[in-house]
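One structure below.
Only the coordinates and a few stated rules stand behind these numbers; no lab work does. None of these values were measured; they are calculated from a predicted model. All Cβ positions, even for glycine, are placed from backbone atoms using ideal geometry, and neighbour counts span all protein chains on display.
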Amino acid sequence: MFGESAEIRARIDEAVEGWVGAPGPNLVLGGAEAFAHPELPALVTYAVQVGVERLALETGGGPLSTGENAAGALHVGVRHIIVRYVPCDEPMSETPALADPSKLALAGIRAFRRAAEARGVKVAVSAVIGVCRHTGPLLPAAIAELVDAGVGAVRLLGGEGASAGSAQLAHVAAACDTGVVNGVWVGVSGIELPASHAAHVEKRDGR
């Protein structure tokens, strides 16, 4: 979520005024880490006040496990969290707090779910995973971990060359199968899958 608060408010107004159809207006506050913006609560409150019906925050997930962030997000009107999930099989830093962002993300998802359950509020939690040669082999296990934490949908995003290797395709297909077995849909964007898994490929409009 980049920009000054006045600029973000103007973009919120533009999104609401230009919305056509129902349900909505819907809005995602994303970009950089949403919880890093110093005026996040005020911006979320503003979005709800001007008519946003379904409001989502894009986050790495970790901040939701800190203090009252999960409860605070619910209090001001957030009902959907989109977690940018980075599967990790080894520490990324010697600093404990930064060693495993995937564990922090899972803890944040669970904290948000617990806070919502305690307040009797219905929420949605989805995850986005970038597919590359590093994350590919970890995808099936990552889907299982996300489902266990409370994620209801996952998107796998391929970059340039993501569909080049048969091994990569096998990892993605296995991730899709893991989602189906666990009752969570896995959508795939930017990767051409074989006919057996073509239903998982999202169109350009995200469907």
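Is any residue of the range 37-51 close enough, with backbone N under 11 Å, to a label point placed 7 angstrom from the Cα of Glu4 along the Cα-Cβ axis, and if so, which? Counting only backbone N, you get no residues.
Between Ala107 and Asn182, the distance separating the two model label sites (each 7 Å from Cα on the Cα→Cβ line) works out to 2.0 nm.
Across the chain, C-alpha contacts under 8 Å between residues 6 or more apart give a mean separation that, scaled by the residue count, equals a relative contact order of 14 percent.
Maximal additional length on extending the Ala170-Glu39 stretch stands at 42.9 nm, based on 0.36 nm per residue less the C-alpha distance. Once the Cα-Cα distance is subtracted from the 0.36 nm per residue extended length, the Glu192 to Ala141 segment shows a gain of 16.2 nm. Largest GNM mean-square fluctuation across Val121, Val16, Val186, computed for the chain with C-alpha springs under 10 Å, falls on Val121. Which of Ala153, Ala71, Ala22 moves most in a GNM of the chain, Cα contacts under 10 Å? Fluctuation is largest for Ala22. Which part of the range 165-185 falls in the paramagnetic zone of Asp89, meaning amide N under 16 Å from the point 7 Å along Cα-to-beta-carbon? Of the residues in the range 165-185, 167-175 have backbone N under 16 Å from the label point off Asp89.
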